[in-house]
Amino acid sequence: MNLLFGEQVLLLSNYQIRLFLLSFNNKNGQQYFLTCGYWPIITTLIEEMTVLPYKEKEKSKKTQVQQMFNNISKSYDLLNHVLSFGIDILWRKKAIKLLKKEKPEIILDVATGTADFAIESMKLKPKEVVGVDIADSMLDIGRKKIKKLNLQNVITLSHADSEKLPFEDNKFDAAIVSFGVRNFENLEKGLAEMQRVIKNGGVLVVLEFSKPRKFPMKQFYNFYFKYILPIIGKIVSKDNSAYTYLPESVNAFPDGKAFLNILDELGFKETKWIPLTFGISSIYWGKKR
């Protein structure tokens, strides 16, 4: 058997990846190849390839996310309910029910969007709910909903960055987020900010898309997210990128145990992960101690 050893350096997005090649021939003359590389470097490279809505590298993810949600604000609620077959409403209800025993009086809704989660939190009978978002067009729609429901004395919405929350430490009994954390430019920083403004003993509840892991839902989910959802989203929202970004951002998001690990590293206690609807979505929970 003849053995040949080689080395190849690949350039990918300004990174050098060194690959090693081992080839050999068996007794019948058939040739085989084995390759290996520095996988920690490759893993780091993948992590640093941030998913962007418009792929404009000169604009930050935060700026692009803001632009995207302002663009699709008028069709956002309709598309959410249609594309999820209305299940997103049930997911929000379940997430809020988990907070019932905590009896939070002051609640922060981060990435509030059109305020659906903030409005759902009224079932907890809080004294105050504050919703923040970076997309003003989404907030305008949320304010109209709140006024229509005559909740403006309890729920207030304001423009604010999740990674630079304009609140003092230990202000809120609970912080909630629905389908927002995967849009953070810096996930850990955004979570740390929420932890900062939650009181000791307060709770963080995150509702976010996740990836099904079992057949056949995994295959159906991947097909629907990759081929069906972007087409419908494009037709209704008139934004070519928004609903292509959605499956890309979900795929890149560290869901399940990976997200729990981040919460644990930040110091949250009693963390738990609750998969919903075959793992299409998940609720994450953590307490500040």
| message | Return the pair list, or none, for Cβ contacts closer than 7 Å from residues in segment 208-224 that are outside the structural domain of Phe278 (by TED's automatic domain parsing) to residues that are of a type outside the set (A, V, I, L, M) and part of a helix (DSSP H, G or I), at least 6 apart or on different chains. | response | none
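For residues that are in contact (Cβ under 8 Å) with a residue 24 or more places away in the chain, closer than 21 Å to Leu207 by Cα and assigned to a loop (DSSP other than H, G, I, E, B), scanning just segment 115-139, find the one that is farthest from the chain's Cα centre (by Cα).
Pro126
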| query | Among all residue pairs at least 6 apart or on different chains, which show Cβ distances below 7 Å where the first residue, located in segment 247-258, is in contact (Cβ under 8 Å) with a residue 12 or more places away in the chain and closer than 14 Å to Thr50 by Cβ and the second is polar (S, T, N, Q) and in a helix (DSSP H, G or I)? | reply | Ser249/Asn183
| request: Could you tell me which of the residues Ala95, Ala115 is buried (at least 16 other Cβ atoms within 10 Å of the Cβ) and on the phi > 0 side of the Ramachandran plot? | output: Ala115
| For segment 176-186, which residues satisfy the criterion of being among the aliphatic types (A, V, I, L, M) and within 11 Å of Ile96 (Cα to Cα)? | Ile176, Val177
| message | Would you confirm, using the coordinates I've provided, whether Leu90 is in a helix (DSSP H, G or I), surrounded by fewer than 22 Cβ atoms within 10 Å (Cβ to Cβ) and in contact (Cβ under 8 Å) with a residue 24 or more places away in the chain? | response | no
| Being in the same structural domain as Ser249 (by TED's automatic domain parsing), of a type in the set (A, V, I, L, M, F, W, C) and either under 18 Å from Ser237 (Cβ atoms) or at pLDDT below 95 (or both), is that true of even one residue in segment 115-123? | no
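The values are calculated or read from the model by the stated rules, or taken from the named source; none is laboratory data. Please read these numbers as outputs of a predicted model, since none were measured by experiment. Virtual Cβ from ideal backbone geometry, glycine too; neighbours counted across all protein chains shown.
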